[in-house]
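In what follows, a structure is listed as structure tokens, so that the remarks can point back to it.
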Ligand code: EPU
């Protein structure tokens, strides 16, 4: 266990921002993590998972703790279900692929989402009609004050759209150590009703898809729309899709008859922020070494060497412009540090 100093975090955040950590350590197991948390010389600490949902706007004047706990095991099974416990430091997509290789179904629509298992509950990751909460049973989290493990069951996590207790009451108070998922062993329930998946499967000429086929379809869709963080720095969707009252949406329709929406409750709808940003003229715009992705306006990108604060300024300009044109506020999904 060794603490390094003035380390670049470029390879630890998918935006590829070259900010420095004043101190840095990677921990591989729970006892190591607990002893690092007990170090009195480093009062400021920052937990880092896959670094896929953060924008670093300055150097981090803290001890950055890279949570690198590994492993995935079956802890319980019945005829049709397997309960899998996966450690926080497992890469999300590799874990999904491991599940598919073992014919465990449920996570296939969430293939290729960047990040790690341990951060997946924080924002209740989701894609193509499935959210983490649909398969999440519980997680073990280390209480940073007592250094004791607490169990959060699904019903205690207050999961919502890109939201959970870990973004609210429990924010910065816990480190998630592992997550238990309930997955199917046979009688898989496929979610192929999301438009793009149906057409992708048709294109692949697959009539009776397996969970692996659905995963492959999702991978193909994501690769066609979303930039690969290994090639172009990004953090997936930078903003959340705003949820607005139906009356507000009806007014918007008067000026923008083509505005898309998805029902949320009887009196609210979700408007795709990507459409708002595209209609405001930002899609594909570049500002030197950063900009708005050409295929999905919800994604801000670092073409190489961009500063986090420049991307933050761009995000604020987008928010202001959207508000001015549509009278709708859009909120960042990414954590700004
Ligand atoms: N749209 C545009 N222009 C764009 C992008 C989108 O007009 O540049 C409109 C289109 O009407 C399109 C609609 O938005 O039909 C929906 O687009 P898409 O299917 O790409 O989904 P999204 O709402 O933009 C959300 C998630 C993604 C997830 C996809 C698929 C959020 C914030 N984002 O995007 O998640 O992959 O659905 O389920 O909810 C992420 O969180 O990092 C992420 C990529």
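What follows is calculated from the coordinates using simple rules that are stated; it is not laboratory data. These numbers come from a predicted model, not from an experiment. Note that we place each Cβ from the backbone using ideal geometry, even for glycine, and neighbour counts take in every protein chain shown.
Key figures for this structure:
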{"quantity": "Cut-off 13 Å (backbone N to label point 7 Å along Cα→Cβ of residue 187), residues of the stretch 69-83", "calculated": "78-82"}
{"quantity": "Exposure proxy order (Cβ contacts within 10 Å, fewest to most) of 218, 179", "calculated": "218, 179"}
{"quantity": "Simple spin-label estimate for residue 163 and residue 225 in nanometres, 7 Å along Cα-Cβ", "calculated": "2.3"}
{"quantity": "Potential lengthening between residue 39 and residue 264 on full extension [0.36 nm per residue; Cα-Cα distance subtracted]", "calculated": "76.4 nm"}
{"quantity": "Computed [θ] at 222 nm, deg cm²/dmol, the chain (DSSP H ≥ 4; -39,500 (n - 2.57); rounded to nearest 500)", "calculated": "-7000 deg cm²/dmol"}
{"quantity": "Residue order, fewest to most beta carbons within 10 Å, for 186, 76, 45", "calculated": "186, 76, 45"}
{"quantity": "Most mobile listed residue (87, 35, 315) in the chain, GNM with C-alpha springs under 10 Å", "calculated": "35"}
{"quantity": "The stretch 217-311, Rg to Rh (Cα coordinates; Rh as Kirkwood inverse mean 1/r)", "calculated": "1.04"}
{"quantity": "Rounded FRET efficiency, nearest 0.05, which uses the C-beta distance separating residue 2 from residue 251 and R0 of 41 Å", "calculated": "0.10"}
{"quantity": "Spatial separation of Cα centroids for the stretch 17-84 and the stretch 254-316, in angstrom", "calculated": "30"}
{"quantity": "Per-residue Cβ neighbour rank within 10 angstrom, fewest leading, 95, 249", "calculated": "249, 95"}
{"quantity": "Computed label-point distance, nm, for sites residue 331 and residue 171 using a 7 Å Cα→Cβ extension", "calculated": "0.9"}
{"quantity": "Difference of contour (0.36 nm per residue) and Cα-Cα distance, residue 61 to residue 278", "calculated": "74.5 nm"}
{"quantity": "Relative contact order, percent, the stretch 275-337 [alpha-carbon distance under 8 Å, six or more residues apart]", "calculated": "24"}
{"quantity": "Rel. contact order, % - alpha carbon contacts under 8 angstrom, at least six apart, the stretch 72-225", "calculated": "29"}
{"quantity": "Value in Å of the Kirkwood radius, where the chain supplies the Cα pairs that are averaged", "calculated": "21.2"}
{"quantity": "Contour excess over end-to-end distance, with Cα ends at residue 133 and residue 76 and 0.36 nm allotted per residue", "calculated": "18.6 nm"}
{"quantity": "Alpha-carbon spread of the stretch 4-67, three principal axes, descending order, Å", "calculated": "30, 21, 16"}
{"quantity": "Relative contact order computed over the stretch 233-336 (Cα-Cα under 8 Å; 6+ residues apart), in percent", "calculated": "33"}
{"quantity": "Listed residues 241, 302, 156, most fluctuating in the chain (Gaussian network, C-alpha, under 10 Å)", "calculated": "156"}
{"quantity": "GNM top mover of 58, 185, 40 - the chain, alpha-carbon springs below 10 Å", "calculated": "40"}
{"quantity": "Two-site label geometry, residue 212 and residue 294: point separation in nm, points 7 Å out along Cα→Cβ", "calculated": "3.4"}
